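The values are calculated or read from the model by the stated rules, or taken from the named source; none is laboratory data. Keep in mind that this is a model prediction, so the values were computed, not measured. Heads up, the Cβs are rebuilt from the backbone with ideal geometry, glycines too, and the neighbour counts pull from every protein chain shown.
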Amino acid sequence: MTELKDTVHLNTDILVAGGGAAGMAAAKAASEQGATVILVEKSPVLGGILNRCTHPGFGLGYYDEEITGQEYAERYREELGSEDLTVLPDTTVIAVNEDRTALLVSEGRITEVSFRVLIAASGSYEVPIESVAPEGTRPAGIMTAGCAQGLINENHLEIGSRIIVLGSGNVGQIMAGQLADAGKEIIAIIEKNDAPGGLSRNVREYIKGRNLPLILNSTITKIHGTNRITGVTVKNLLTGEESILSCDTLITALGLIPDRALLDNICTDGTYPDWVILTGNCDRIYDFADAVTASGEQAGLTASLKCRSNK
Amino acid sequence: MGRTDCDVIIIGAGLLGCAAARALMRYDLRIIVLEKSSDVSTGISKANSGIIYAGYDDTPGSLKADMVVRASAGLPDLCNELDVHYRRTGSIMIGFGDRADKVIRGKFDQGMANKVPGLRLISGEEVRDREPLIAEGVRIGLYAPGTATLDPWELCIALYENAAANGADFRFGEEVCSVSKVSDGFVTETAGGTYSSKMIINCAGLSTDKIREMALAPRIRIVPNACDYYVFGIPEGRSPSHVIFHEPETKGKGLTLIPTVRGEILAGSTQRKNPETEGIPTSEEGLRKIMDMCGEVVPEMPVSPVIHSFAALRPNPFEVQAGDNGEFRFTDRRLKDFNILEEDGLISLMGIKTPGLTCCMELGEYVARKVTDHLCCREAVNSDFDPERRGIRRFSDIPSGELAAAVSKDPYLGRIICTCRNISESEIREAILRGASTLDGVKRRTGILMGPCQGSKCLQQVICIMSEVLGISPYQIVKDAGSSQILEK
């Protein structure tokens with residue numbers, strides 16, 4: 001490793017923060033318009049959460065065929081490979097400043113980038129269990145669906161064997177289906193509404209297709225267990241009735257929140273300067289990766305037009 | 001089995017045990033600390049409001065009142081020596097009616113008697129000038145500029161590291177099963193060994209009565225009660241900047257709002273009897289009450305996102321009376337002061353609750369004086385004692401001008417694992433090197449998994465790093481205790 005005791009300075013038209021589906025599309029679209037682009041990704045590989053998605057259902061909009069999330073990311077990376085842009089993997093944007101500079105950190109190096117337009121494509125994070133704030137303890141064996149998905153599909157680890165899923169949105173259903181396929185017992189999927197969330201094709205494929213036990217109009221009001229979780233109290237929101245279900249793992253799939261932590265510095269009352277463009281799940285939560293790609297492309301085009309008009 | 005000899009055995013590595021160990025290392029003594037869990041700060045020390053009290057709550061003339069003002073004034077220096085984050089917020093105790101008015105004026109008089117610096121009564125108007133979020137109709141405030149906040153486990157870990165660096169011998173996973181008095185001191189047995197010492201300092205928190213009664217007849221019984229807390233991730237400017245103590249119009253606990261060193265708002269606290277002591281569950285009733293009180297006292301303060309909710313235990317000491325027939329009767333007489341029983345070389349710190357965190361170093365030094373008097377060794381000072389300890393260098397604390405140089409020297413510093421709080425892999429590795437062997441140990445040393453996403457973005461990576469650095473399978477990683485595996489096959 002070369003030692004760089006001083007900050008490295010770079011200039012670009014467009015800085016794209018986040019190299020998932022949205023960021024890759026934004027970088028590609030902007031670069032095609034002739035803008036100079038730096039694409040920053042925290043992980044070693046571009047693709048974001050696509051890389052942990054081993055299930056099909058991707059690509060029907062963009063590639064006209066159904067492929068897995070991992071395949072979708074792989075294909076898009078190849079497309080991006082032919083573009084003339086700078087990709088900085090293993091790099092995190094730690095601050096964005098009012099003077100249109102951003103501070104990046106990577107192994108051994110601090111980089112300051114001056115840019116004209118920032119595309120925020122930092123995705124989303126999962127709603128934590130505390131949004132429900134059930135009473136009781138917080139033992140081991142509770143994790144979000146996306147985290148479980150990453151551990152299982154990227155690290156090839158197992159998480160538990162008797163599983164309750166709280167929330168029947170897409171990620172919850174997909175994880176319940178995948179765990180059932182791996183021979184784990186799905187004790188219940190618990191949903192607060194009177195119908196399962198998520199896409200109807202997922203309900204068909206996972207809940208109905210695998211005959212997974214779904215408990216509607218219900219939530220979790222208490223967590224039991226001191227070391228590892230031993231069960232939960234489930235409350236029917238219509239009747240008020242409560243019952244205890246035992247489990248060794250609780251997966252929460254309570255939805256996604258746009259992750260805008262990197263914009264904290266430049267946020268005033270929830271609004272951002274006009275040189276910031278939000279895209280993908282960082283802007284709003286999407287159901288389809290293909291739609292995220294479209295959102296990213298649009299952001300890339302808008303950003304390059306802004307650069308031109310500012311020149 | 002061999003017997004280990006030392007001068008003093010300390011039982012329990014919470015705030016008090018670690019503070020006592022540090023205070024004793026100023027003398028030329030051989031100290032062993034026996035802790036039943038695998039880390040420090042895992043008992044009642046791990047869940048605490050983190051308030052450093054100014055000192056107007058304590059009855060003049062009590063041991064508490066005698067210690068708290070001095071302890072509070074000494075904490076900035078202690079935190080500086082130990083590299084612990086400390087936030088001087090000041091506090092305002094507020095009241096909306098006649099009852100609170102009376103209570104608050106009483107606290108003011110008490111505070112003046114205790115010589116609390118800067119203490120003054122302020123008008124409802126001044127309360128709202130200082131804290132515009134407080135509901136209209138606030139009548140009176142008691143302003144204490146010296147009130148501050150810190151992370152209790154950060155202080156505990158710092159005391160531990162400094163005591164250990166100065167030679168205190170901490171032994172984890174050593175639950176005491178018997179204590180017996182012998183002619184020249186005590187013999188203490190654990191599942192792992194036998195220890196003989198001239199003295200014992202009993203800092204076993206909720207178990208101090210149990211430990212003491214292994215050697216002596218009952219005098220004080222510890223009965224815990226629990227209180228619930230929320231942690232809110234409210235943006236700055238939309239939350240109070242002082243610690244707020246709300247004195248309600250009905251008897252009982254009012255709302256307390258605490259701006260933490262990490263920029264969150266801690267909201268508590270409730271009180272309930274007979275809690276389960278294992279795992280310390282929260283109660284639905286308590287959590288709902290906090291939300292209701294927030295709506296009443298700070299109606300414009302957003303109560304989301306909720307980052308966390310937890311329960312804390314208070315160790316309440318009750319007097320035990322000896323009956324005529326040699327039996328012991330448990331009474332409902334609650335002891336208000338700190339209770340430090342000194343019985344022939346066995347010193348028990350019993351029912352040390354608020355302001356125990358504020359006074360922890362004072363209590364440690366108090367114990368050290370008792371020990372040196374008992375052993376007649378006040379003169380035998382440890383000339384090598386170094387009071388300074390450096391904390392784990394946090395990426396987010398490094399000034400921007402020094403970042404490039406720091407990152408070029410430490411490659412792991414350039415790998416940000418938590419993007420909510422910019423916590424680097426270097427911090428996680430350093431926490432493990434300093435003794436964290438559990439997920440909660442890493443969490444308490446680095447602040448990771450404590451941000452708005454509660455680890456949904458980074459738990460996966462933290463597990464991988466822990467597995468690599470500890471050299472164990474991911475399936476062996478536990479949350480905090482023996483069988484709390486994060487992953488199960």
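Just to be sure, is B:Arg429 more than 10 Å from chain A (Cβ to nearest Cβ), part of a helix (DSSP H, G or I) and within 24 Å of A:Glu41 (Cα to Cα)? Here the answer is yes, as B:Arg429 does meet what is asked. Residues that are surrounded by 17 or more Cβ atoms within 10 Å (Cβ to Cβ) number at least 3 in the following strands (runs of 3 or more DSSP E) confined to segment B:1-97: B:3-11, B:31-35, B:91-95. Checked against the criteria, B:Val231 does not count as more than 24 Å from the chain's Cα centre (by Cα) and not in a helix (DSSP H, G or I). Residues in segment A:73-100 that are surrounded by fewer than 16 Cβ atoms within 10 Å (Cβ to Cβ), of a type outside the set (Asp, Glu) and within 14 Å of chain B (Cβ to nearest Cβ): A:Pro89, A:Asn97.
Scanning segment A:213-225 for residues that are buried (at least 19 other Cβ atoms within 10 Å of the Cβ) and outside any strand (DSSP E or B) yields a single hit, A:Gly225. In the condition set (1) more than 14 Å from chain A (Cβ to nearest Cβ); (2) exposed (fewer than 14 other Cβ atoms within 10 Å of the Cβ), B:Ser400 is compliant with all but (1).
Scanning segment A:73-94 for any residue that is within 25 Å of B:Lys409 (Cα to Cα), part of a loop (DSSP other than H, G, I, E, B) and touching a Pro at 6+ places or on another chain (Cβ under 9 Å) turns up at least one such residue.
Does at least one position in segment B:412-423 carry a residue that is out of contact with any Gly (no Cβ under 9 Å at 6 or more places or on another chain), surrounded by fewer than 18 Cβ atoms within 10 Å (Cβ to Cβ) and either over 30 Å from B:Asn166 (Cβ atoms) or in contact (Cβ under 8 Å) with a residue 24 or more places away in the chain (or both)? No: segment B:412-423 contains no residue that is out of contact with any Gly (no Cβ under 9 Å at 6 or more places or on another chain), surrounded by fewer than 18 Cβ atoms within 10 Å (Cβ to Cβ) and either over 30 Å from B:Asn166 (Cβ atoms) or in contact (Cβ under 8 Å) with a residue 24 or more places away in the chain (or both). Only one entry in B:Arg272, B:Arg329, B:Arg314, B:Arg288 is more than 14 Å from chain A (Cβ to nearest Cβ), over 27 Å from B:Gly146 (Cα atoms) and of a type in the set (Lys, Arg), namely B:Arg329.
Taken over segment B:470-489, the residue count meeting the criterion of being in a loop (DSSP other than H, G, I, E, B), more than 7 Å from chain A (Cβ to nearest Cβ), at pLDDT 95 or above and under 18 Å from A:Pro139 (Cβ atoms) is 1.
Within segment B:131-164, restricting attention to residues that are part of a strand (DSSP E or B) and of a type in the set (Val, Ile, Thr), which residue is farthest from B:Glu236 (Cα to Cα)?
We begin by selecting, within segment B:131-164, every residue part of a strand (DSSP E or B); these are B:140-144, B:148-150.
So of that shortlist, the ones also of a type in the set (Val, Ile, Thr) come out as B:140, B:149.
Numbers: B:Ile140: 25, B:Thr149: 16 Å.
The selected residue is B:Ile140.
Scanning segment A:192-212 for residues that are touching a residue at least 24 places away in the same chain (Cβ under 8 Å), closer than 30 Å to B:Pro281 by Cα and loosely packed, with under 14 Cβ neighbours inside 10 Å returns a single hit, A:Asn193.
Is it true that A:Ser161 is surrounded by fewer than 23 Cβ atoms within 10 Å (Cβ to Cβ) and closer than 20 Å to A:Gly48 by Cα? No; evaluated as a whole, the condition is false for this residue.
Which of the residues spanning segment A:104-149 are among the aromatic types (Phe, Trp, Tyr) and facing another protein chain (nearest Cβ under 9 Å)?
Step one: of segment A:104-149, the residues among the aromatic types (Phe, Trp, Tyr) are A:115, A:125.
Once the filter is applied, which keeps residues that are among the aromatic types (Phe, Trp, Tyr) and facing another protein chain (nearest Cβ under 9 Å), segment A:104-149 yields only A:Tyr125.
Taking segment A:133-153 as the range and being within 17 Å of B:Asp440 (Cβ to Cβ) and assigned to a loop (DSSP other than H, G, I, E, B) as the test, the residues that pass are A:Thr137, A:Arg138, A:Pro139, A:Gly141.
Report yes if A:Ala30 is crowded, with 23+ Cβ neighbours inside 10 Å, of a type in the set (Gly, Ala, Ser) and away from chain B (no Cβ under 12 Å), otherwise no. Answer is yes for this residue. Taking only segment A:234-255 into account, find how many residues are of a type in the set (Ser, Thr, Tyr) and in contact (Cβ under 8 Å) with a residue 40 or more places away in the chain. So the answer is 3. Just one residue in the set B:Phe395, B:Phe385 is under 29 Å from B:Ala163 (Cα atoms), surrounded by 15 or more Cβ atoms within 10 Å (Cβ to Cβ) and within 9 Å of chain A (Cβ to nearest Cβ); that residue is B:Phe395.
Counting only strands (runs of 3 or more DSSP E) wholly contained in segment A:236-311, the ones carrying 2 or more residues that are within 30 Å of A:Asn97 (Cβ to Cβ) and out of contact with any His (no Cβ under 6 Å at 6 or more places or on another chain) occupy A:256-258, A:276-278.
Tell me, please, whether a residue that is modelled with pLDDT of 95 or more and surrounded by fewer than 23 Cβ atoms within 10 Å (Cβ to Cβ) can be found in segment B:233-241. Checked against the condition, which is being modelled with pLDDT of 95 or more and surrounded by fewer than 23 Cβ atoms within 10 Å (Cβ to Cβ), segment B:233-241 yields at least one hit.
Here A:Gln173, A:Gln178 are screened, and the one residue that is in a helix (DSSP H, G or I), among the polar types (S, T, N, Q) and touching a Phe, Trp or Tyr at 6+ places or on another chain (Cβ under 8 Å) is A:Gln173.
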